[in-house]
Amino acid sequence: QVQLVESGGGLVQPGGSLRLSCVASGIVFRIYTMGWYRQVPGKQRELVASITSGGSTNYADSVKGRFTISRDNAKNTVYLQMNSLKPEDTAVYYCNARVVRSIATIPADYWGQGTQVTVSS
């Protein structure tokens, strides 16, 4: 089946930058929207940023001006460039993709396993 694998997380100091990557593999006929979500213990998972197949983007207010989402359709990859990181950005970041696996199916959402981002001095 479709598998999403995130990379690029880690420990960074406040004000620093990280770039997350997510690669979709497996049987993929077409990928529509891709996005990044994040979650901290005890709280609901929240949308950070999303991007459609046509390049239209959407960001959470808390990250506007600091984060940039992009994608490479030829590589089935989505990126999240995170600049000016703050301690409150600390979370597990999850990749999401809305995928059609064949011409006969409707879109379904797939998730990566998550990558930890920790912002601390």
Scanning the stretch 7-55 for residues that are among the small types (Gly, Ala, Ser), open to solvent by 70 Å² or more (accessible area, probe 1.4 Å) and under 16 Å from Asp72 (Cα atoms) gives Gly54
If we keep only residues of the stretch 84-114 that are in a strand (DSSP E or B) and open to solvent by less than 20 Å² (accessible area, probe 1.4 Å), then the residue modelled with the lowest pLDDT is Val100
When the stretch 5-33 is checked residue by residue, the ones that are closer than 21 Å to Thr90 by Cα and in a strand (DSSP E or B) are Val5, Glu6, Ser7, Gly10, Leu11, Val12, Leu18, Arg19, Leu20, Ser21, Cys22
Going through (1) at pLDDT 95 or above; (2) surrounded by fewer than 18 Cβ atoms within 10 Å (Cβ to Cβ); (3) within 19 Å of Glu6 (Cβ to Cβ) one by one, Ile69 fails only at (2)
Within the stretch 56-66, the residues that are more than 24 Å from Arg30 (Cα to Cα) and surrounded by fewer than 15 Cβ atoms within 10 Å (Cβ to Cβ) are Asp61, Ser62, Lys64, Gly65
**Report entry** Yes/no for Arg38 being under 24 Å from Ser121 (Cα atoms) and in contact (Cβ under 8 Å) with a residue 60 or more places away in the chain
**Finding:** yes
Margin query: When you check Gln81 against the structure, is it under 25 Å from Val2 (Cβ atoms), in contact with a Phe, Trp or Tyr (Cβ under 9 Å, 6 or more places away or on another chain) and not in a strand (DSSP E or B), yes or no?
Written below: no
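The values are calculated or read from the model by the stated rules, or taken from the named source; none is laboratory data. Please read these numbers as outputs of a predicted model, since none were measured by experiment. Cβ atoms come from the backbone with ideal geometry, glycine included; neighbour counts cover every protein chain shown. The accessibility values were calculated without ligands, DNA or RNA, using every heavy atom of the protein model including side chains. Shrake-Rupley method; radii C 1.70, N 1.55, O 1.52, S 1.80 Å.
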